[in-house]
Structures are given as C-alpha cells and as structure tokens.
Amino acid sequence: MRKNITILEQIKADIISQNICPDLAKQATNLVMGVGNTDADVMFIGEAPGKAEDEQAQPFVGAAGKILNRALIDNDFKREDVYITNIVKFRPPNNRDPLPEEKRAFWPFLLREIKAVSPKLIVPLGRHSMGYFLPNYSISTMHGKTRDVVITNGEVKQTIVVMPIYHPAATIYNQYLKGDFDKDFAKIKKIIKEIK
Ligand code: URA
C-alpha cells in the first residue's frame, strides 16, 4: 500500500514539474488528485474538478459528490475503500467541459494512476472519461455494460474490465438517468466478485 502511495505522490509531482495544462493550472486553486484506497477493487473516474473540488483539493465533494457518496452507501461501499479520481485534474474555468487537448494531456498520468492502483473494475463516470476507454461509443448505449479493455501504459499492457455509468451530475435533473445510474451502480459489487 505504501508503495502505491509513493507512486501517486510521484505522479502529482510530475504533473506539477511538467507544467501540465498551464492555463488551467493558473486559474485553479488546487491540483485535485485521486483519493481513496490505493489497493481498491474499483476505480471511479470523473471528468474534472468543479468549484467545491477545486477549493477542497478532493474529487467529488460537491453536488455530484453527494450523489456518488449516497450511491456508495446504498451499495455497501465505504468511500475510503474505493478509489475516486478524474481524468483532468485542474478545474476548467466556469465548469466548462474539459477540452480534448486537456484530456489528452492528463491521460498518461491517469494511466500511471491505473497501473498503481490496478483495480479489477474501472467505472468511468460519464462520457468524458468513458471516451478514452471506449471510443466510438455513446454513454447512452454503453452505460451499465462491461467490456474488457486493454490498457497500454508504455511497455505494460493490462486488461481491465470497464463499465461506464452516467455521470452523477447528469442525474440531478433527469429521473430517467437517475434510474439507470442506480441500476448500473447496483451491479458493481457482483461484477467485482465475478472477476478473478
Ligand atoms: N464532477 C467530476 O467529474 N469530478 C469531480 O470531481 C466533481 C464533479
């Protein structure tokens, strides 16, 4: 566990020293790294920090975080037992969508994070993080479905099960999406158990 924490600290140091997305960095209060169990079976990946996350330097602590936390509790997970991160680690101004070049710039660091945690299951939250694992699909067709995805990180190839679900924020005003989000979330425990 300590080893993973050191790797994650190194990833953070590299994002800073390599000056990743300087325009985003300039206007952000904090670099928001992943949190949780660095040995987790499941890794949730959102798009980018919002205002609350930027202020508190923690992913998913605002309105979307409340929905994610509720779903974790309802499905017998402790937030500290799972791993939660974002593809882009600085808040985009006015919560705009992360740009393709911002996602591209942070992708290698997310790959290193995945390699360090080595989860059994990756759950992309919404289309932005899903797009990197399952390009050419839409979240409306892929949510709640599992795929084996080969993740290439330098010389290392890992096959990891990926199941995208709707982004919690997308469910705030849409009860249909909330229904799908809840149903998909309820599958996570069973999927993890079935993966050797
Ligand atoms: N939305 C995200 O995608 N990530 C966060 O950390 C918060 C809101």
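Which residue out of 104, 112, 127, 70 is over 24 Å from residue 15 (Cα atoms) and open to solvent by 50 Å² or more (accessible area, probe 1.4 Å)?
On the way: 104 fails: over 24 Å from residue 15 (Cα atoms); 112 fails: over 24 Å from residue 15 (Cα atoms); 127 fails: over 24 Å from residue 15 (Cα atoms).
Being over 24 Å from residue 15 (Cα atoms) and open to solvent by 50 Å² or more (accessible area, probe 1.4 Å) holds for just one of 104, 112, 127, 70, which is 70.
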- Would you be able to say whether some residue in the stretch 44-55 is within 22 Å of residue 11 (Cβ to Cβ), outside any loop (DSSP other than H, G, I, E, B), more than 9 Å from the ligand (Cβ to nearest atom) and in contact (Cβ under 8 Å) with a residue 60 or more places away in the chain? yes
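Given the structure, is residue 114 within 16 Å of the ligand (Cβ to nearest atom), out of contact with any Cys (no Cβ under 6 Å at 6 or more places or on another chain) and of a type in the set (A, V, I, L, M)? Reasoning before the result, please.
Details: within 16 Å of the ligand (Cβ to nearest atom): no; out of contact with any Cys (no Cβ under 6 Å at 6 or more places or on another chain): yes; of a type in the set (A, V, I, L, M): yes.
Judged against the criteria, residue 114 is not a match.
Determine, yes or no, whether residue 20 is more than 13 Å from the chain's Cα centre (by Cα), more than 15 Å from the ligand (Cβ to nearest atom) and part of a loop (DSSP other than H, G, I, E, B). Reasoning before the result, please.
On the way: more than 13 Å from the chain's Cα centre (by Cα): yes; more than 15 Å from the ligand (Cβ to nearest atom): yes; part of a loop (DSSP other than H, G, I, E, B): yes.
Yes.
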- Query: So is residue 81 touching a Ser or Thr at 6+ places or on another chain (Cβ under 7 Å), modelled with pLDDT of 95 or more, away from the ligand (no atom under 16 Å from the Cβ) and of a type outside the set (Gly, Ala, Ser) or not?
  - Reply: no
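The values are calculated or read from the model by the stated rules, or taken from the named source; none is laboratory data. The structure presented is a predicted model; accordingly, all values stated were derived computationally and were not measured. Every residue, glycine among them, receives a Cβ derived from its backbone with ideal geometry; neighbour counts consider all protein chains shown. Heavy atoms of the whole protein, side chains included, go into the accessibility calculation; ligands, DNA and RNA do not. Shrake-Rupley method; radii C 1.70, N 1.55, O 1.52, S 1.80 Å.
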